[in-house]
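**Student:** Please read through the structure below; I'll follow up with questions.
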Amino acid sequence: MQDCTEMTAPMTDTADRPLGPALRRGWRRRCPNCGSGPMLKGYLKVRDHCPVCREDLSQHRADDGPAYMTILIVGHLAAPLLGSVWMAWQPEPLVLFTIFAIGTVALSLYLLPRLKGAMVAFQWARRMHGFGSGI
């Protein structure tokens, strides 16, 4: 019978990839490795490699996660605010709709690329989806 420690795969060391700085760099849409190269090309397209440090970023699997997180955040902010504004001032429905439509679209457009950068940086820091294969 084999010892339990022999059967498990060796744990990867994440000390060289701290989560906090990587998330801050990702939020700023910068490379999670060096922090100076742009992670995104265009609005949401992730570059294959960082132009500064040549870190491979093509392994990311952000998919629909940033969109779901954006909807979650914007919905949790807009819904109670909408109810509060209606109860406090009772503006005309068209005015209320216009203000909240503009606000939610603007907040969504602001958050979406930042959350995508943070999600790619999280995957990079935790060595998920092939980011740790270069060990």
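**Student:** Between Val95 and Val52, what is 0.36 nm times their sequence separation minus the Cα-Cα distance? Round to one decimal in nm.
**Tutor:** Working: separation 43, 0.36 × 43 = 15.48 nm, distance 4.72 nm.
Contour length minus the Cα-Cα distance gives 10.8 nm.
**Student:** May I ask you to order 42-50, 66-74 by the average number of other C-beta atoms within 10 Å around their residues, highest value first?
**Tutor:** Numbers: 42-50: 13.4, 66-74: 15.8.
Most protected by this proxy first, the peptides run 66-74, 42-50.
**Student:** On to the next question. Counting only residues 5 or more places away or on other chains, whose amide H sits under 5 Å from the amide H of His49 once H atoms are built in the peptide plane?
**Tutor:** Sorted by chain and number, the residues that satisfy this are Leu57.
**Student:** Tell me, in nm to one decimal, what length is gained between Ala106 and Arg126 on full extension, where the rule is 0.36 nm per residue of separation less the Cα-Cα distance?
**Tutor:** Taking 0.36 nm per residue and subtracting the Cα distance, the gain is 4.1 nm.
**Student:** Let me ask you something else. Highest mean first, what order results for 26-37, 77-88 on Cβ atoms within 10 Å?
**Tutor:** Details: 26-37: 19.5, 77-88: 11.8.
My ranking of the peptides, most packed first, is 26-37, 77-88.
**Student:** Order 99-108, 115-124 from most to least packed using the mean count of other Cβ atoms within 10 Å.
**Tutor:** Working: 99-108: 13.5, 115-124: 24.5.
Going from most to least packed, we get 115-124, 99-108.
**Student:** While we're on this one: Once the Cα atoms of helix 65-89 and of the chain are each reduced to a long axis, what angle between those two axes, in degrees from 0 to 90 to the nearest 10, is obtained?
**Tutor:** Between the helix axis and the principal axis of the chain, the angle is about 20 degrees.
**Student:** Related question: Run the numbers on the stretch 22-125 and let me know its relative contact order in percent, using alpha-carbon pairs under 8 Å that are six or more apart. Walk me through the intermediate numbers first.
**Tutor:** Values: 123 pairs, mean separation 46.0, N = 104.
Normalised by residue count, the contact order of the stretch 22-125 is 44 percent.
Bear in mind these aren't lab numbers, they're just calculated from the coordinates by the rules spelled out. The structure presented is a predicted model; accordingly, all values stated were derived computationally and were not measured. Positions of Cβ are backbone-derived with ideal geometry, glycine not excepted, and every protein chain shown enters the neighbour counts.
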